[in-house]
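Enquirer: Provided herewith is a single structure, encoded as structure tokens, for subsequent inquiry.
The values are calculated or read from the model by the stated rules, or taken from the named source; none is laboratory data. Just so it is clear, the structure is predicted and the values come from calculations on it, not from any experiment. Ideal geometry is used to build each Cβ from the backbone, glycine not excepted, and the neighbour counts take in all protein chains shown.
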Amino acid sequence: MNHDDIKFLLVRYITNQASEAEAKEVKHWIGLHPENELYFIELYEAWQNMLYVQPEAIDTGKAYQQFLAKTIPMVKKPINMWRLTGVAATICVFLLSSLWVVYHNGTHQKKNLVVAQNGSVKKITLNDGTIIWLNAGSTIKYDADFGKTNRTVYLEGEAFFDIGHHGNHIPFLVNTKKYTIRDIGTRFNLKAYPSDPFFETTVVKGEVAVESNADNNTHDANRIYVKPHQVLKIFYRPEKDGVKGIVQLSNTYNEVQVSQVDSAKIDVYDGWKDDVLVFDGSTLGEIARVLERRYNVTIDINSTELQDIRYSGCFKNVPDIDKVLHIIKQNTPISYTVEGQKITITKTN
């Protein structure tokens, strides 16, 4: 097959319109060379990222240009422009028809929704063998036929992924509001709460690639690879709303950190799934956000100075937040009051 033919088949396959014979041909081509598989994955990611956009926000012209751009680097010989125009038109027909389905159905197909309310942790197993722990205050969505045409999940909050083995070429993708994460390994933690001023992923085993969903993103330029026992943390730049006078988190980042973590300290990042809370020099403000979700409470800290106090400690199987606060109080100059689900922390003299 020449370049135009394979591009035609890849688009049919990715948009779920290929016949059984065409699908078999695509899978054979993908398996011929690692570069073929990489090209397919990049094209597939581009398509999945478009589907993640809210249907009412889809710009079909822009979506087509982005998707078509993914096919251009593959061509390394002089191009017959008339033939390319025909192929591009065919690609456009498939793309726009699929976007039409997305628009008129609300989502491209029925999705399963799993919610872990504040105060709870949920564990689910997908049909490809992937196990996901969902932390308190988090939601995850995935297609009802997950594993057949895609292995993409949509996360808001925090989750730990233990990726299952699979016998096809469909990549496992995690979409968050700001970033897309492609699994290249096995086990990783992902933290993307919309109210937190940062995005964080920790790799226990394998490797992941993190890519920005921003409109100005260019492939590779904004892609970061995170390896075993590494933590990637991206801090967002705060912006003040001039009308409302409140500080909001922008879509641009202020700082990116990649650090190596000793294997003995990995539970700082994923211990929550085993009912272990570990704080290693965390500020009281950061700890408060974790405790609010874990114990389904609201915490008010009455001073900025107090929020910046740092604390280290480990709590295992502690069902009552009062016990956690009592231990923190023994080593930190604070006092606290509890009124129902509301906790107020003040500084002691």
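Enquirer: Report yes if ARG289 is touching a Gly at 6+ places or on another chain (Cβ under 8 Å), touching a residue at least 60 places away in the same chain (Cβ under 8 Å) and either assigned to a strand (DSSP E or B) or closer than 19 Å to SER195 by Cβ (or both), otherwise no. Can you show your working first?
Expert: On the way: touching a Gly at 6+ places or on another chain (Cβ under 8 Å): no; touching a residue at least 60 places away in the same chain (Cβ under 8 Å): yes; either assigned to a strand (DSSP E or B) or closer than 19 Å to SER195 by Cβ (or both): yes.
When the stated conditions are applied, ARG289 does not pass them.
Enquirer: Across the range 163-177, which residue is farthest from THR130 (Cα to Cα) among those that are crowded, with 17+ Cβ neighbours inside 10 Å and either under 9 Å from the mean Cα position of the chain (by Cα) or of a type outside the set (Phe, Trp, Tyr) (or both)? Even if it seems obvious, please write down each step before you answer.
Expert: Our first condition is that a residue be crowded, with 17+ Cβ neighbours inside 10 Å; within the range 163-177, this holds for 163, 170-176.
Applying the additional criterion that residues be either under 9 Å from the mean Cα position of the chain (by Cα) or of a type outside the set (Phe, Trp, Tyr) (or both) yields 163, 170-171, 173-176.
On the way: ILE163: 4, ILE170: 13, PRO171: 12, LEU173: 12, VAL174: 12, ASN175: 16, THR176: 18 Å.
Step by step, filter the range 163-177, then rank; the result is THR176.
Enquirer: On the given criteria, is ASN150 surrounded by 22 or more Cβ atoms within 10 Å (Cβ to Cβ) and more than 14 Å from the chain's Cα centre (by Cα)?
Expert: Numbers: surrounded by 22 or more Cβ atoms within 10 Å (Cβ to Cβ): yes; more than 14 Å from the chain's Cα centre (by Cα): yes.
Against the criterion (surrounded by 22 or more Cβ atoms within 10 Å (Cβ to Cβ) and more than 14 Å from the chain's Cα centre (by Cα)), ASN150 qualifies.
Enquirer: Take the conditions surrounded by 15 or more Cβ atoms within 10 Å (Cβ to Cβ), among the small types (Gly, Ala, Ser), part of a strand (DSSP E or B) and at pLDDT 90 or above and apply them to SER282. Does it pass?
Expert: Values: surrounded by 15 or more Cβ atoms within 10 Å (Cβ to Cβ): yes; among the small types (Gly, Ala, Ser): yes; part of a strand (DSSP E or B): yes; at pLDDT 90 or above: yes.
Against the criterion (surrounded by 15 or more Cβ atoms within 10 Å (Cβ to Cβ), among the small types (Gly, Ala, Ser), part of a strand (DSSP E or B) and at pLDDT 90 or above), SER282 qualifies.
Enquirer: Further question on the same structure: I'm told SER259 meets every condition in (1) outside the structural domain of GLU158 (by TED's automatic domain parsing); (2) closer than 30 Å to LYS205 by Cβ except one. Can you identify the failing condition by its number?
Expert: (1)
Enquirer: Which of the residues spanning the range 178-189 are over 21 Å from GLU42 (Cβ atoms) and either free of Cβ contacts under 8 Å to residues at least 12 places away in the same chain or under 13 Å from the mean Cα position of the chain (by Cα) (or both)? Give the steps one after another, and end with the answer.
Expert: First, the residues of the range 178-189 that are over 21 Å from GLU42 (Cβ atoms): 186-187, 189.
Residue satisfying the conditions is ASN189 alone.
Enquirer: Kindly provide the set of residues from the range 315-340 that are of a type outside the set (D, E, K, R) and in contact (Cβ under 8 Å) with a residue 40 or more places away in the chain, ordered by number.
Expert: If we filter the range 315-340 for residues that are of a type outside the set (D, E, K, R), which is where we start, we get 315, 317-319, 321, 324-328, 330-338, 340.
Residues satisfying the conditions are ASN317, VAL318, VAL324, ILE328, THR332, ILE334.
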